[in-house]
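Engineer: Take a look at the following structure, please.
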Amino acid sequence: MTHPVAAGEPLTLRLLSAPTFWRCEPSWSWASRPLPDHLLWCVLDGRGRLELDGEEQDLHPGICAVFAPGDAPTASHDPRRRLLVFGMHFDVEESNPERSGPERSAVERSGAERSAVEGSGVEGSGVEGSGVGGPGAGVVPAPRWGEVMDRELLGVLARTSDASYRRQDALGRRQAELCLEQLLGMIWDAVYNPGRNATDGAVDEVARLIRQDPGHDWTVGEMARRAALSRAQFTRRFVAQLGMSPAQYLIQSRIDRAHQLLTETGMTVTQTAAALGYTDVPYFSRQYKQRTGRTPSQDR
């Protein structure tokens with residue numbers, strides 16, 4: 001499913017608060033005033049409940065939300081299974097802002113200690129946002145939350161953004177912003193591409209292995225065994241996820257690697273063909289030209 005708001009101009013994100021972990025107190029509850037900016041809010045541990053505009057969500061590890069300026073979420077938790085929340089406030093800048101320079105005025109920054117977001121589990125900020133229809137529309141999904149299945153990566157990105165930001169240097173801040181961008185992408189995918197399971201992951205892993213070693217003597221039978229599926233099941237799932245048959249995917253992966261070897265190394269056409277499992281160089285050349293529009297020799 002394609003969502004145009006996520007495929008427009010490149011994002012320019014700016015942190016408005018330090019990335020923060022917060023183990024909520026047993027008596028904690030959250031009744032936010034309308035948020036003045038964007039808020040990333042991820043549950044890493046515990047159990048609870050979140051509500052926004054009549055929509056409710058049970059909270060458990062992996063549930064992540066992206067709130068927009070003006071949102072006023074409420075939440076509670078089980079004091080015996082206290083929430084561990086990670087998040088940060090941020091701004092989404094326009095691609096061609098009228099104001100020159102990335103920094104806002106001192107007046108705009110002066111509300112950094114406002115209490116509008118007290119209790120959110122994240123250090124507050126007070127830069128006025130523009131609403132869902134403004135510059136931040138491309139990062140705010142509907143609904144606002146989804147379940148990120150890769151808990152390990154979620155935790156790594158959270159810890160990396162926290163450690164990087166606290167170095168207090170320009171590169172550390174940039175690294176924290178890149179972690180934020182990755183987290184937003186994961187949440188967007190969780191909202192708009194839900195329901196992925198272990199089988200989906202197994203098929204993706206086979207595709208990754210093909211790209212990693214396209215010269216291997218791959219067969220559909222071996223691919224299916226790696227994914228713990230029958231040949232017919234594997235082929236159906238592979239086509240549904242990757243948009244082409246396993247055989248066509250293997251050919252494309254080999255041609256992609258061949259182009260890299262021909263343009264970036266000193267390997268000859270014959271050496272390249274052999275490295276990628278071709279015993280017939282003319283056949284390799286025909287496939288290469290069919291896929292790239294050029295002969296292998298033209299790319300050397």
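The values are calculated or read from the model by the stated rules, or taken from the named source; none is laboratory data. Quick caveat: nothing in here was measured; it's all calculated off a predicted structure. Neighbour counts run over all protein chains shown; Cβ positions are idealised from the backbone, glycine included.
Per-residue answers, yes or no, for (1) assigned to a loop (DSSP other than H, G, I, E, B); (2) at pLDDT 50 or above:
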{"position": "GLY111", "(1), (2)": "yes, no"}
{"position": "VAL122", "(1), (2)": "yes, yes"}
{"position": "GLY131", "(1), (2)": "yes, no"}
{"position": "GLY136", "(1), (2)": "no, yes"}
{"position": "PRO143", "(1), (2)": "yes, yes"}
{"position": "GLY155", "(1), (2)": "no, yes"}
{"position": "GLN175", "(1), (2)": "no, yes"}
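Engineer: Go through (1) surrounded by fewer than 19 Cβ atoms within 10 Å (Cβ to Cβ); (2) more than 30 Å from ARG294 (Cα to Cα) and name the single condition ALA274 misses.
Structural biologist: Here ALA274 clears every test but (2).
Engineer: Considering the stretch 24-55 alone, what residues qualify as being without any contact (Cβ under 8 Å) to a residue 40 or more places away in the chain and among the basic types (Lys, Arg)?
Structural biologist: Across the stretch 24-55, the qualifying residues are ARG47, ARG49.
Engineer: A further question on this structure: List the strands (runs of 3 or more DSSP E) inside the stretch 1-41, counting only whole elements, that have at least 1 residues being modelled with pLDDT of 95 or more and among the aromatic types (Phe, Trp, Tyr). Steps first, please.
Structural biologist: Values: elements: 13-15, 20-23, 29-31.
By residue number, 20-23, 29-31.
Engineer: Consider the stretch 211-239. How many of its residues are crowded, with 19+ Cβ neighbours inside 10 Å and closer than 15 Å to ARG254 by Cβ?
Structural biologist: Qualifying residue count for the region: 3.
Engineer: Let me ask something else. Return the total of residues in the stretch 146-177 being without any contact (Cβ under 8 Å) to a residue 12 or more places away in the chain and either outside the structural domain of GLU51 (by TED's automatic domain parsing) or touching a strand residue (DSSP E or B) at 6+ places or on another chain (Cβ under 9 Å) (or both).
Structural biologist: Taking the stretch 146-177 and keeping what is without any contact (Cβ under 8 Å) to a residue 12 or more places away in the chain, we get 152, 156, 159, 163, 167-172, 174.
In the following step, the residues that additionally are either outside the structural domain of GLU51 (by TED's automatic domain parsing) or touching a strand residue (DSSP E or B) at 6+ places or on another chain (Cβ under 9 Å) (or both) were identified as 159.
Residues that pass the stated criteria total 1.
Engineer: Right, another one. Can you tell me which of (1) without any contact (Cβ under 8 Å) to a residue 12 or more places away in the chain; (2) of a type in the set (Asp, Glu); (3) closer than 30 Å to PRO143 by Cβ is the one ASP204 doesn't meet?
Structural biologist: Single failed check for ASP204: (1).
Engineer: Also, I was wondering about something else. Go through the stretch 244-271 and count every residue that is in a helix (DSSP H, G or I) and within 34 Å of the chain's Cα centre (by Cα).
Structural biologist: Total meeting the criteria: 19.
Engineer: I've got another one for you. Condition (residue is on the phi > 0 side of the Ramachandran plot, in contact with a helix residue (DSSP H, G or I) (Cβ under 7 Å, 6 or more places away or on another chain) and assigned by TED's automatic domain parsing to the domain that holds THR292) applied to the stretch 258-267: is it met by at least one residue?
Structural biologist: Quick first cut of the stretch 258-267, residues on the phi > 0 side of the Ramachandran plot only: none.
No.
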